[in-house]
Amino acid sequence: MRRSAALQSARLAQVASLTDTDVDRVVNGIRQAARIPKLAYHTARHAADFAAESADEYVRALRAHLARADLRIFTYLRSSDRAPIWELVAPEDGTTAMDHEERGSLWSFFRPLDPDPRMASAEAWWIEAIRGPTGWRFDEGWRWRR
């Protein structure tokens, strides 16, 4: 089994045991995040992506992103250490808020230069979490589309 398939299978087994309440708690916790660790680092590295000239403006862009109703929600095990990661991704340009589940904190907020190759690669091992009328479901066969 390819490593990406093994990671996807392992994460799918993990999320299968989550209740709707568990997933709501994780996603709502991400959406309500009040800060991002290493703010100075992230501001220096990513603020220009959002025309933000200060840490406060960068955080405002993050909060605006997290408030969007149309974000696609993905989860996966990071290949380097198998840490469970959640990403809330804007469908039109790939803007991403990344959360480290075990640490219970935002990990990064950025806009990739070209989301298509990044998301095409992710199709092999990420899982999309979709909130439907009867609860959460997890789709390992999702496809990126803008």
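Read-outs throughout are calculated quantities, based only on the coordinates presented, and are distinct from any laboratory measurement. If you're wondering where the values come from, they're calculated on a predicted model, not measured in any experiment. Note that each Cβ is placed from the backbone with ideal geometry, even for glycine, and that neighbours are counted across all protein chains shown.
Laid out as a table, the results:
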item: Theoretical ellipticity at 222 nm over the chain - DSSP helices of four or more residues, -39500 (n - 2.57) apiece, nearest 500; result: -11000 deg cm²/dmol
item: Principal axis dimensions, largest first and in whole angstrom, of the range 3-139 by Cα; result: 42, 30, 27
item: Taking the convex hull of Cα positions in the range 17-94, its mean projected area over all directions (nm²); result: 6.2 nm²
item: FRET efficiency, T21 to A64 (Cβ-Cβ, R0 30 Å, nearest 0.05); result: 0.65
item: Dipole magnitude (debye, nearest 20) for the chain, charges at Cβ of Lys, Arg, Asp, Glu; result: 200 debye
